[in-house]
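First up is the structure itself, then whatever we jot down about it.
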Amino acid sequence: MSFFGEFRVPPSALALSETFAAEPETVVDIDQDVASNKEHLCPYFAVSGVSNTTFETAARTDDSVDSLQSVHEAKQGRIYRAQWRDRVETLVHEYTRDGASILNASGDVSGWLLRMRFDAHTQISTFTTALRDHDFSFELVRLHEMTYTKAGSRFGLTTKQQEALITAWEMGFFNLPRDVSMADVAEELGISAQSFSDRLRRAQHTLIADALRVSQSKE
């Protein structure tokens with residue numbers, strides 16, 4: 001059982017607050033799933049909303065950034081790699097020290113939207129306590145419990161189908177717009193994109209068929 005939450009926090013609760021203040025049109029998206037160590041903020045992020053030169057000028061004087069490197073252009077914006085200063089890493093460590101994970105962070109001048117995964121209620125408390133200790137305001141946007149159905153349940157999913165659905169959900173594959181591609185989820189599962197596509201299609205077919213049977217039985 002896991003809990004997934006979305007929290008809105010001020011820009012200063014993570015990074016780039018001075019950049020957002022200087023260039024209010026800046027939008028930053030950090031895909032924390034690619035980080036090997038969840039207690040550190042992923043150095044890679046996408047920037048949109050402003051020109052590359054405008055962002056780079058502001059970010060290189062930002063107190064949260066030690067160094068900045070332009071990597072490549074992507075669909076979601078220009079990709080950068082940053083070396084964060086110790087204050088940023090300390091904050092992330094405090095947020096996740098009880099085992100919570102930051103799955104994604106989307107930031108602009110209004111603040112950061114943190115998409116979090118918690119495996120226990122205590123991890124939620126650790127995270128919110130860390131915010132309060134630093135006098136950071138926060139808004140709980142969404143919190144829901146993800147229950148893991150066992151293979152052989154009434155849904156009829158195999159273990160691999162269930163794993164594919166859960167992984168795709170956690171990574172944001174079903175979000176609109178999608179946070180990750182089919183290839184990203186397949187890589188996380190250690191299978192080919194075609195295998196993931198087939199597995200997902202069979203799982204969806206099983207769930208829809210089960211839902212229709214339940215609906216018809218109630219008529």
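The values are calculated or read from the model by the stated rules, or taken from the named source; none is laboratory data. Remember, it's a predicted structure, so these values are computed and weren't measured experimentally. Every residue, glycine as well, gets a Cβ built from its backbone with ideal geometry; the counts of neighbours run over all protein chains shown. The accessibility values were calculated without ligands, DNA or RNA, using every heavy atom of the protein model including side chains. Shrake-Rupley method; radii C 1.70, N 1.55, O 1.52, S 1.80 Å.
About the Cα centre of region 1-102, what is the dipole size in debye to 20, counting +1 per Lys and Arg Cβ and -1 per Asp and Glu Cβ, all else neutral? Dipole magnitude for region 1-102 comes out near 120 debye. Note that region 11-126 presents 46 Å² accessible area per residue, ligands and nucleic acids not counted, probe 1.4 Å.
Looking at region 1-147, what % of the alpha carbon pairs are farther apart than 23 Å? In whole percent, the long-distance tail amounts to 31.
Can you work out the FRET efficiency for the pair ASP135 and GLU25, with r the C-beta to C-beta distance and R0 = 30 Å, to the nearest 0.05? The partial results should precede the final answer.
Details: r = 27 Å, r/R0 = 0.91.
Rounded to the nearest 0.05, the efficiency is 0.65.
Computed from backbone phi with θ = phi - 60° and the Karplus coefficients 6.51, -1.76 and 1.60, the 3J(HN,Hα) list for region 108-123 is 8, 4, 7, x, 9, 9, 9, 9, 10, 10, 10, 9, 7, 4, 4, 5 Hz; x is used for glycine and proline. Summary: within the chain, the longest segment free of trypsin sites (Lys or Arg not before Pro) located in DSSP loops with at most 13 other C-beta atoms within 10 Å is 155-217.
If you fit an axis through the alpha-carbon atoms of helix 193-217 and take the longest principal axis of the Cα set of the chain, what angle between them do you get, 0 to 90°, nearest 10? On a 0 to 90 degree scale, this one is about 60.
Leaving ligands, DNA and RNA out of it, rank THR158, THR206 by accessible area with a 1.4 Å probe, largest first.
On the way: THR158 65, THR206 30 Å².
Largest accessible area first, the residues go THR158, THR206.
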